[in-house]
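Following: one structure in structure tokens, then a few remarks.
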Amino acid sequence: MTVLAAGMTGCAGVSAQKGDATDPTPTGADGLAVVPSSVNFTGVVVGQSNSQTVTLKNTGKNAIKITNLTLSGSGFTLKAPAVPLSLAPNASQSLTVGYTPTKSGTITAKLLITSSLSKTAESIPLSGSSQSPAPAVSFSPNSLNFGSVQVSSTSTKTVTLQNTGNVDIKISSAKVAGTGFGFSNLANGLTISPSQSVTFQVYFKPTVSGAASGSLSLSSANLTSSVALALNGTGLTSSSPPSAPSDPSASHTVKLAWDSSDGAVGYYVYRSTTSGGPYSKLNNSVTGGLSYSDSTVSSSTIYYYVVTGVNGSGDESGYSNEASANVPN
């Protein structure tokens, strides 16, 4: 049986163009180091915020008084302790530089640091680039065809929904159209971060015979229009097992066995003479065991088998892996 499995928003990154935490770079004032020596924000989405820490360190032997901290230029913010402040030898002080763009493009500014070491303020370059919001999601696969399914039986498939845009997507509505189709494990209010993906299940449980079509549509306030997953399947009314071999002298039996499936209270066995189906159901009522004997086989024929699990609510899983049996003459 197949076991089905299912971030942090980070619409932009920040990077230091010069210097790092292990390589303090003096700004020109002997005894005072600023790490990093420049700050660069890249790809921040308009309307969102990002921040980076800048550290001041006294690398000299005497105390340093920081008398002023200011920003020259727009688009950036500074979170810092009140000045004046004193840095003892080897002491450090962290500052937080923020960037919240209001339009796409590139902007520059400066962090000016005035200290007792120099009458001239030290200038730390700041830059930021931004991009417009681009919300988008995608289904994988981008459509579902359940093939032929016996009326009142259930076939289930797994779908992956991925956020392919650069902003969070919060699902405000998830609904299915089409008789016999449904879904599970996809709730309204679910938020998916950029690059994040979630898996959920879509099922087809036909109530009448014939071709059926439908769709699963998702809506979000971030999306300009809803996105839809096309659904198709065919209901079959014949649930009789395959007829007995035409040769009454043939007395072969194929014995099948499988591992248990989580949540299953019984199993259906399906058979085909073509690899990949379509398959016909062999047992009209679920079998509670983990084995099955098929004595309705013909000589000199290759058969292909799959198994589905059924839970306590009557929901049927998708097909297991396929097993084959070559019946001798």
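The values are calculated or read from the model by the stated rules, or taken from the named source; none is laboratory data. All figures in this text were calculated on a predicted structure; none of them were measured in a lab. Neighbour counts run over all protein chains shown; Cβ positions are idealised from the backbone, glycine included.
Among the residues of the stretch 248-260, is there at least one that is modelled with pLDDT of 85 or more, assigned by TED's automatic domain parsing to the domain that holds S317 and out of contact with any strand residue (DSSP E or B) (no Cβ under 7 Å at 6 or more places or on another chain)?
Scanning the stretch 248-260, I find at least one residue that is modelled with pLDDT of 85 or more, assigned by TED's automatic domain parsing to the domain that holds S317 and out of contact with any strand residue (DSSP E or B) (no Cβ under 7 Å at 6 or more places or on another chain), so the answer is yes.
S217 - would you say it is within 30 Å of V35 (Cα to Cα), polar (S, T, N, Q) and surrounded by fewer than 18 Cβ atoms within 10 Å (Cβ to Cβ)?
No: the conditions fail for S217.
For the stretch 263-284, how many residues are touching a Pro at 6+ places or on another chain (Cβ under 8 Å), closer than 11 Å to S148 by Cβ and modelled with pLDDT under 90?
Matching residues across the stretch 263-284 total 2.
Just for strands (runs of 3 or more DSSP E) wholly inside the stretch 243-323: which have at least 1 residues that are surrounded by 18 or more Cβ atoms within 10 Å (Cβ to Cβ) and among the acidic types (D, E)?
By residue number, 291-294.
Restricting to strands (runs of 3 or more DSSP E) lying wholly in the stretch 107-202: which have 3 or more residues that are at pLDDT below 90 and out of contact with any strand residue (DSSP E or B) (no Cβ under 6 Å at 6 or more places or on another chain)?
It comes to 118-131.
Listed here are the residues, each with its yes/no results for (1) surrounded by 13 or more Cβ atoms within 10 Å (Cβ to Cβ); (2) closer than 16 Å to P125 by Cα.
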{"residue": "K61", "(1), (2)": "no, no"}
{"residue": "T67", "(1), (2)": "yes, no"}
{"residue": "S74", "(1), (2)": "no, yes"}
{"residue": "K103", "(1), (2)": "no, no"}
